[in-house]
Amino acid sequence: RKARETSDAGYYQRAEVALKRALRANPKHVPAAVVLSSVLLATHDFSGALVTARRVVDHPHGVQALATVGDASLALGQYLQGQVAYARLLDWSPTASAYSRLAVLADLRGKPDEALRLFERAERLAQESGDYGESLAWYAFQQGEVAFRAGRIEQAESRYRSALRTFPGYPLALGGLGKAKAAKGETGAAISVYRRLTEIAPQPDYLATLGDLYLEVGDSRAARAQYSTVGVVARLARATGRLYDRQVAISYADRGVNLREARRLALGELRVRKDVYGFDTAA
């Protein structure tokens, strides 16, 4: 939960250590395996997540691992398998988790209206079940992402702000708000949002975007400072896995720099994560 709230991947490492200790103590502890599979997914060990989740999905206390089976399948480009897992999850229980996964599939297929309806339904179910904080704000953030990709910038900004009201300082929602401001041409406001965001979560894509915004206003010195930090942060992040390789590859390709490294990162990512976004990055 702390990793999701802060975007600090170090918390995932701590969670993985604790969960593996629990499973050494009791290898048949299904809830620990369910959560471990979700942690492995978050750290981009998609194959490990899939194997761990499949071991327990047929257990009465492990059905929620179907969500991880579906998510990992999508990350590996196995969309039909992901759809089957989500359908099983929905049959088991029409929860917010199930509807949000169906929304992701709808968005992947270019159906933003359907995706938004499903995410809205998931958000209502989450509210009714007593979700709060980041767990609830995530649904509004996802609606913002769907609206943004569909070019509905005002709607996207509204949903990002809703997520921030639910969970103030939420890094994902701040990133969304910043790009919405930039898309509307409000560069100064976007810079302010991204400056706050990079203090909380200095991720490569956020730093690169802040650099681009500084260039727009003619501050090349500040832009260079952000760009130079991108590679440093990416190297430091390797201690927690290859979480940012795709982000770094995109930031390099967008600016036409370090293209050999960008290609290496993109193709390396594609070997372990064969989703449509991975192919797009490599292309």
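The values are calculated or read from the model by the stated rules, or taken from the named source; none is laboratory data. Just so we're clear, the structure is a prediction, and the values are computed from it rather than from any experiment. Virtual Cβ from ideal backbone geometry, glycine too; neighbours counted across all protein chains shown. Note: accessible area is taken over every heavy atom of the protein model, side chains too, but ligands, DNA and RNA are not part of it. Shrake-Rupley method; radii C 1.70, N 1.55, O 1.52, S 1.80 Å.
Note on the stretch 135-156: residues that are more than 17 Å from Tyr99 (Cβ to Cβ) and surrounded by fewer than 21 Cβ atoms within 10 Å (Cβ to Cβ) amount to 8.
Rundown of residues vs (1) open to solvent by less than 70 Å² (accessible area, probe 1.4 Å); (2) closer than 24 Å to Lys28 by Cβ, yes/no style:
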| residue | (1), (2) |
| --- | --- |
| Leu41 | yes, yes |
| His59 | no, yes |
| Leu76 | yes, no |
| Gln83 | no, no |
| Leu89 | yes, yes |
| Ser93 | yes, yes |
| Ala96 | yes, no |
| Tyr99 | yes, no |
| Ala115 | yes, no |
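Scanning the stretch 108-132 for residues that are modelled with pLDDT under 95 and assigned to a helix (DSSP H, G or I) turns up just one, Leu108. Looking across Ala25, Ala33, one residue alone is modelled with pLDDT of 95 or more and either open to solvent by 70 Å² or more (accessible area, probe 1.4 Å) or of a type in the set (S, T, N, Q) (or both). It is Ala25.
Regarding Arg14, is this residue surrounded by fewer than 19 Cβ atoms within 10 Å (Cβ to Cβ), over 28 Å from Phe279 (Cα atoms), touching a residue at least 60 places away in the same chain (Cβ under 8 Å) and not acidic (Asp, Glu)? Against the criterion (surrounded by fewer than 19 Cβ atoms within 10 Å (Cβ to Cβ), over 28 Å from Phe279 (Cα atoms), touching a residue at least 60 places away in the same chain (Cβ under 8 Å) and not acidic (Asp, Glu)), Arg14 does not qualify.
For the stretch 243-283, the candidate set comprises residues that are among the basic types (Lys, Arg) and surrounded by 18 or more Cβ atoms within 10 Å (Cβ to Cβ); within that set, the residue that is nearest to Arg224 (Cα to Cα) is Arg246. Pairs meeting the criteria (first residue in the stretch 186-197 and touching a residue at least 40 places away in the same chain (Cβ under 8 Å) and in a helix (DSSP H, G or I), second residue surrounded by 15 or more Cβ atoms within 10 Å (Cβ to Cβ) and not small (Gly, Ala, Ser), beta carbons under 9 Å, at least 6 apart or on different chains) are lacking.
This table checks each residue for (1) modelled with pLDDT of 90 or more; (2) assigned to a helix (DSSP H, G or I); (3) under 10 Å from Pro204 (Cα atoms).
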| position | (1), (2), (3) |
| --- | --- |
| Val230 | no, yes, yes |
| Ala234 | no, yes, yes |
| Arg238 | no, yes, no |
| Leu243 | no, no, no |
| Ala262 | yes, yes, no |
| Leu265 | yes, yes, no |
| Gly268 | yes, yes, no |
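Can Leu19 be described as crowded, with 19+ Cβ neighbours inside 10 Å, in contact (Cβ under 8 Å) with a residue 12 or more places away in the chain and in a helix (DSSP H, G or I)? Answer is yes for this residue.
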